[in-house]
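The values are calculated or read from the model by the stated rules, or taken from the named source; none is laboratory data. All of these numbers come straight from a predicted model, not from anything done at the bench. Backbone-built Cβ (ideal geometry, glycine too); neighbour counts: all protein chains shown. Areas reflect the complete protein model, heavy atoms only, side chains present, ligands, DNA and RNA absent. Shrake-Rupley method; radii C 1.70, N 1.55, O 1.52, S 1.80 Å.
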Amino acid sequence: MSNKQNVFEQNKNMTKENRKFSGLSLFAVYFVIWLVAVLYFWIFMDPGDGIGYSLLVFYLALPLATFILSILIGKHDIWGGYKWFSAIYFGVMFMLAEYMTSSLGNMLAYQKINMPMFELFFIGAVISLIGLAIGTAIHVFQSKRNE
């Protein structure tokens, strides 16, 4: 009996480690998407492409990535109850994306310091919270169905 219990404990610990790793890998995926968006702004953008870039990145790519990754975090119950704090990460990164692109370009052009747009933090966090809620609902539904 103790051998079976040891195997069960090892599997339980491995599952926790896999969830921890997959959660960090999801954050890394978002960071890569974010980094590509910022680098694209500074390396490949022409001055007249600002509106198209803003529409593509701030209204499509980053919100969609935030939403999908938040659903995955909730669906796989990564970090248990602490998963809700991931909305802070997504909110900060969403706010920093604008600050490191359009706002920084404006600051460099006019030699003045702009404050970050803190309302963007709340937009990114709310998108994440909605995704987390949907993912958590999927997790709960699947758990009850498997019982």
Restricting the range 93-115 to residues that are hydrophobic (A, V, I, L, M, F, W, C) and without any contact (Cβ under 8 Å) to a residue 12 or more places away in the chain, the residue that is farthest from residue 57 (Cα to Cα): 113
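Can you spot a residue in the range 63-80 that is over 20 Å from residue 22 (Cβ atoms) and at pLDDT 95 or above? Even if it seems obvious, please write down each step before you answer.
First, the residues of the range 63-80 that are over 20 Å from residue 22 (Cβ atoms): 63.
If we keep only those that are at pLDDT 95 or above too, we end up with 63.
Yes, that holds for at least one residue.
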Top-ranked residue in the range 44-58 [being of a type outside the set (A, V, I, L, M, F, W, C) and within 15 Å of residue 99 (Cα to Cα); ranked as modelled with the lowest pLDDT]: 50
Given (1) without any contact (Cβ under 8 Å) to a residue 24 or more places away in the chain; (2) under 14 Å from the mean Cα position of the chain (by Cα), number of the condition residue 72 does not satisfy: (1)
Options 118, 90, 122, 85; residue that is touching a residue at least 40 places away in the same chain (Cβ under 8 Å), among the hydrophobic types (A, V, I, L, M, F, W, C) and over 24 Å from residue 49 (Cα atoms): 90
Condition check for residue 143: assigned to a helix (DSSP H, G or I) and at pLDDT below 95: yes
Hey, residue 103 out of contact with any Gly (no Cβ under 7 Å at 6 or more places or on another chain), closer than 30 Å to residue 23 by Cβ and of a type in the set (S, T, N, Q) or not: yes
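Out of curiosity, is residue 39 modelled with pLDDT of 95 or more, open to solvent by 20 Å² or more (accessible area, probe 1.4 Å), in a helix (DSSP H, G or I) and farther than 24 Å from residue 131 by Cβ?
Details: modelled with pLDDT of 95 or more: yes; open to solvent by 20 Å² or more (accessible area, probe 1.4 Å): yes; in a helix (DSSP H, G or I): yes; farther than 24 Å from residue 131 by Cβ: yes.
So residue 39 passes the test.
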